[in-house]
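The values are calculated or read from the model by the stated rules, or taken from the named source; none is laboratory data. Predicted model only: the values in this text are computed from it and were never measured. Ideal geometry is used to build each Cβ from the backbone, glycine not excepted, and the neighbour counts take in all protein chains shown. Only protein heavy atoms, including side chains, enter the accessible area calculation; ligands, DNA and RNA are left aside. Shrake-Rupley method; radii C 1.70, N 1.55, O 1.52, S 1.80 Å.
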Amino acid sequence: MTTAILIVSSSIGGFLLGLLIMQIIQKNRSYSIIKKSEQQARSIIKKSHQESDRIKKEKMLQAKERFIELKSDHEKVISSREKQIIEVENQIRDKEKNLNKELQRNRDLNKSFDQKSVNLDQRIQKLDHKNQSLDTVQKTYQSKLEEVSGLSADDAKKELITSLEDKAKTDAMSFIQQSIEEAKLSAEQEAKKIIISTIQRIGTEEAVENCVSVFNLESDDVKGRIIGREGRNIRAIEATTGVEIIVDDTPEAIILSCFDPIRREIARLSLHRLVTDGRIHPARIEEVVNKTTKQIEKEIIEVGKRTVVDLGIHGLNPELIKIIGRMKYRSSYGQNLLQHSREVSKLCGVMASELGLNPKLAKRAGLLHDIGKVPEEESELPHAILGMQWAEKYGEKSDVCNAIGAHHDEIEMNSLLSPIVQVCDAISGARPGARRQVLDSYIQRLKDLEAIALDFNGVSKAYAIQAGRELRVIVESEKVSDNNAAELSFKISQKIQTEMTYPGQVKITVIRETRVVNVAK
């Protein structure tokens, strides 16, 4: 029993001793760690002090360098300002010197002016004395002249006034003639201004008439089928044809709007086929438009070939034949362009034959003179120049090209065909009824021209000729002299300008003749 107690007590003592030893070892170990950490902290603190000293020295050096730079910059600014101040001071000194000189000069001028004013007063007194003496001399001379001439001063004034009036009239007429000549020189520029203002005033009405086609319907129910569900049919038609379709309240009609007459014709024929067939949907619309386009292209070529054959013109380029066919769908002032070109071609052939020129070449130039009016793409060139370029491109002769380009005086005429084409073009366009113009208004304009001329004294007869572009006035030789004829022509032209509205120009020709008749028996 006692042995067991001893064993237990010895084991407990050993355990306690082990614990004590463990604590001692742990304490020594922690002490060594603390010591090491203290050493490391001292070394870190030492390094940080060294680093802070180094950074401090660097910052001080940088601050010194920056201070030196700022000081140098400040010294430069101060020196420049000092220079500017010195320059300003010099300028002020120069201005003071100049002002002093000006003041001195003004003083000298005042002195001289005072002297001159004294001299002027003396001269004025002398002049007054001379004027008085001249008045007395003039009165004596006037009384002597009245005695010699037998006329009083009032009668002499009247005769002088009448002579001056006659001279003023002749001078006024010469001035008017000179003004007219100067106006002729600037007529082209003024004509362009008038054309531009006319286009500005009436361009909208003309455009509406020339870019719209009306498509008639059997009933208004068809409008809904053309529009389609949610507008898909009308959008498909506009997209494939390039024509704007206007569906409004107009009964049994829709409007096709487009500047290109060929596209309008394709849209019109396509709509006619679709409405007749009854099947209107996007796929069918595209099919019908493609077929119609091919049909129109074939028809254009056929029309061009038929026109060339009818006029007896051979050897034209196929592209020119196609352009001629396109003229069928183009109008100028309401006159169909193809019919106009055919008329010009025939007139050119007749006129060239009468003058002994080549009629075939003249007909060729007359037919092609307006081809520049039907371009497939937009162009900024005048139609005469564009047509000349096409003719040159497709191998036409130089005389034909010049006639095409010069028929509106865009270029200089260097061929005998050019004036023929120009004249025949004017004849075809000026023919009464050829272009859009009401016959009654045309006849009334001619009557008004003649009535204006007959209102003047001395006019016996008046004739409006050349479709109202010329007015011939026959005057009585006893009442109107040669000098008064020019004045009468000018007055008639001014009255026509103020009282009438007319296209182009009106030429006034005054005719005065003297006839002496004797009968031999």
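Things to note:
- Shown is the FRET efficiency for Phe456 and Phe259, computed with R0 = 51 Å from the Cβ-Cβ distance and rounded to the nearest 0.05: 0.60.
- Full-stretch length increase - Lys169, Glu412 - with 0.36 nm per residue and alpha-carbon distance subtracted: 83.4 nm
- Straight Cα distances below 16 angstrom link Lys158 to the aspartates and glutamates Glu146, Asp166, with same-chain residues fewer than 8 positions distant left out.
- Amide N of segment 39-71 lying under 20 Å from the label point, which is placed 7 angstrom from the Cα of Arg81 along Cα→Cβ: 67-71
- Cross-link pairs beyond the 18 Å C-alpha cut-off, checked among Lys447/Lys479; Lys294/Lys328; Lys461/Lys491; Lys298/Lys322; Lys36/Lys56; Lys305/Lys360: Lys447/Lys479; Lys36/Lys56
- In a DSSP loop and with at most 13 other Cβ atoms within 10 Å, the GluC sites (Glu not before Pro) in segment 221-329 are Glu252.
- Extension gain (nm, one decimal) between Gln497 and His281, 0.36 nm per residue minus Cα-Cα: 71.9 nm
- You can think of it this way: the chain between Glu354 and Val519 has 55.3 nm of extra reach, that is 0.36 nm per residue less the Cα-Cα gap.
- Summary of the geometry: segment 210-281 and segment 315-353, compared by the centres of their Cα atoms, lie 30 Å apart.
- Computed over every Cα-Cα pair of segment 475-521 and binned at 5 Å starting from 0, the pair-distance distribution P(r) comes out as 4, 17, 23, 15, 13, 10, 7, 4, 3, 2, 1 percent.
- Between Asp135 and Ile161, the C-beta separation translates, for a Förster distance of 25 Å, into a calculated FRET efficiency of about 0.55.
- Probe 1.4 Å, protein heavy atoms only - accessible area per residue of the chain in square angstrom: 72
- The mean sequence distance of close C-alpha pairs (under 8 Å, at least 6 residues apart), as a share of the length of the chain, puts its relative contact order at 6 percent.
- Compared with the dominant Cα axis of the chain, that is its longest principal axis, helix 383-393 is turned about 80°.
- Hull-based mean projected area of the chain, where the convex hull spans the alpha carbons, in square nanometres: 86.8
- Sorting Phe259, Phe456, Phe175 by accessible area puts them as Phe259, Phe175, Phe456; the probe is 1.4 Å, largest comes first, and only protein heavy atoms count.
- Portion, in percent, of the accessible area of the chain that falls on carbon or sulfur, probe 1.4 Å: 55
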